[in-house]
């Protein structure tokens, strides 16, 4: 079986989902190809090529022409025969892929990865979301997403027994780290970055774009500086806002309370540094980093736009409204950072039960691709 994944850019939850599934399905009869406009990392390319797949670069119609894009996309189907197209681009933007793909492939799915439509306001946006939901119901063979909230946001109201949740499984050997190893790495990283023992290290990981709410992150940094609090933020990721964020840090002299690290790969080389992970996003589905952090033993504090499906009952999940005062966020972050961490085997069992270990998540995806499972819902 051959599956074509379509993603616009690289570096985030979508590429992590594809790579994790490629690694998990390495010795199976399933092969992935990936169509994207972006460069991918060597590790991502290696994961796809190891299973016999290829990376195809699409021509961006905004930079060249629609005809050039169509030729670049349709040439993939002339080179390979596919059983499934798994599209990670949503709404009306998926039409350009659906129209061509359906000429060659019987099964086409659109994967909802976030809750962005839920927070968009204004008559124009609401009308567009109404249209997008109807288009997706028409184009996608089943309402598909990373969690309930993401599916509801992009497809509208869908009954639990009609949706297909594909969990963002993690690589067990990377994130189920022995606690002694994690703490040793934390000490080494603290020395590397000259972090004192009493400083609470707050991490944030993701593409640097508006939806990740980096304005909030900078506001928290200002609060830490003004109140002279013993904490420092490490912002990990790259994206369109990177230059402006760095400029703000320098102009406002926030270097003592926030550091922009850029993209870090593999992410587990820096995650142990964090006492707590912060996700103040405006819109998220079920972010992979939230699963990875808890597997590693790092508690998370999120905005209430993040799905509570990321709470695995380990006491490592806190959620606040973005309307809360900055002091409330700091108190929650500090409290989470000082909580005792559940034992490794307890964390492993909780994620396995929720189908977020690599084996459980991969088995679910494989069963879906082979037509053995058409619906799955994460029990609350």
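At-a-glance table
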{"quantity": "Among the candidates 267, 245, 249, 300, residue that is touching a residue at least 24 places away in the same chain (Cβ under 8 Å) and buried (at least 24 other Cβ atoms within 10 Å of the Cβ)", "calculated": "300"}
{"quantity": "Failed criterion for residue 243 (all others in (1) closer than 13 Å to residue 261 by Cα; (2) touching a strand residue (DSSP E or B) at 6+ places or on another chain (Cβ under 6 Å); (3) in a helix (DSSP H, G or I) hold)", "calculated": "(2)"}
{"quantity": "Failed item in (1) closer than 26 Å to residue 268 by Cα; (2) at pLDDT 95 or above, with residue 11 passing the rest", "calculated": "(2)"}
{"quantity": "Residue within region 271-284 that is in a loop (DSSP other than H, G, I, E, B), touching a strand residue (DSSP E or B) at 6+ places or on another chain (Cβ under 8 Å) and surrounded by fewer than 18 Cβ atoms within 10 Å (Cβ to Cβ) present", "calculated": "no"}
{"quantity": "Test: residue 254 is touching a helix residue (DSSP H, G or I) at 6+ places or on another chain (Cβ under 6 Å), closer than 20 Å to residue 187 by Cβ and not in a helix (DSSP H, G or I)", "calculated": "no"}
{"quantity": "Residue within region 58-70 that is more than 29 Å from residue 155 (Cβ to Cβ) and surrounded by 13 or more Cβ atoms within 10 Å (Cβ to Cβ) present", "calculated": "yes"}
{"quantity": "Tally of residues being surrounded by 14 or more Cβ atoms within 10 Å (Cβ to Cβ) and over 16 Å from residue 88 (Cα atoms) across region 47-57", "calculated": "5"}
{"quantity": "Subset of region 126-152 [loosely packed, with under 13 Cβ neighbours inside 10 Å and farther than 29 Å from residue 74 by Cβ]", "calculated": "126, 127, 130"}
{"quantity": "Given (1) in contact with a strand residue (DSSP E or B) (Cβ under 8 Å, 6 or more places away or on another chain); (2) touching a residue at least 60 places away in the same chain (Cβ under 8 Å); (3) under 28 Å from residue 117 (Cβ atoms), index of the condition residue 305 fails", "calculated": "(1)"}
{"quantity": "Among (1) without any contact (Cβ under 8 Å) to a residue 60 or more places away in the chain; (2) crowded, with 20+ Cβ neighbours inside 10 Å; (3) more than 19 Å from the chain's Cα centre (by Cα) - the single one residue 294 does not satisfy", "calculated": "(3)"}
{"quantity": "Any hit, region 153-171, residues being part of a helix (DSSP H, G or I), crowded, with 20+ Cβ neighbours inside 10 Å and without any contact (Cβ under 8 Å) to a residue 60 or more places away in the chain", "calculated": "yes"}
{"quantity": "The one condition in (1) in contact (Cβ under 8 Å) with a residue 24 or more places away in the chain; (2) out of contact with any strand residue (DSSP E or B) (no Cβ under 9 Å at 6 or more places or on another chain); (3) closer than 28 Å to residue 268 by Cβ that residue 233 fails to fulfil", "calculated": "(2)"}
{"quantity": "Residues of region 345-357 classified as touching a residue at least 60 places away in the same chain (Cβ under 8 Å) and out of contact with any strand residue (DSSP E or B) (no Cβ under 6 Å at 6 or more places or on another chain), total", "calculated": "6"}
{"quantity": "Scan of region 185-220 for residues that are in contact with a strand residue (DSSP E or B) (Cβ under 9 Å, 6 or more places away or on another chain) and part of a helix (DSSP H, G or I), ordered by number", "calculated": "186, 189, 190, 212, 214, 216, 217, 218, 220"}
{"quantity": "Residue within region 200-208 that is more than 30 Å from residue 359 (Cβ to Cβ), at pLDDT below 95 and either assigned by the TED database to the domain that holds residue 331 or within 19 Å of the chain's Cα centre (by Cα) (or both) present", "calculated": "yes"}
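Matching residues to (1) touching a helix residue (DSSP H, G or I) at 6+ places or on another chain (Cβ under 6 Å); (2) exposed (fewer than 15 other Cβ atoms within 10 Å of the Cβ); (3) in the same structural domain as residue 222 (by the TED database); (4) over 24 Å from residue 199 (Cβ atoms):
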{"position": "307", "(1), (2), (3), (4)": "yes, no, yes, yes"}
{"position": "314", "(1), (2), (3), (4)": "yes, no, yes, yes"}
{"position": "321", "(1), (2), (3), (4)": "no, yes, yes, yes"}
{"position": "325", "(1), (2), (3), (4)": "no, yes, yes, no"}
{"position": "328", "(1), (2), (3), (4)": "no, yes, yes, no"}
{"position": "333", "(1), (2), (3), (4)": "no, no, yes, no"}
{"position": "336", "(1), (2), (3), (4)": "no, no, yes, no"}
{"position": "340", "(1), (2), (3), (4)": "no, yes, yes, no"}
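The values are calculated or read from the model by the stated rules, or taken from the named source; none is laboratory data. For clarity, every value in this text was computed on a predicted model and none was experimentally measured. Reconstructed Cβ throughout: ideal geometry from the backbone, glycine too, with neighbour counts over all protein chains shown.
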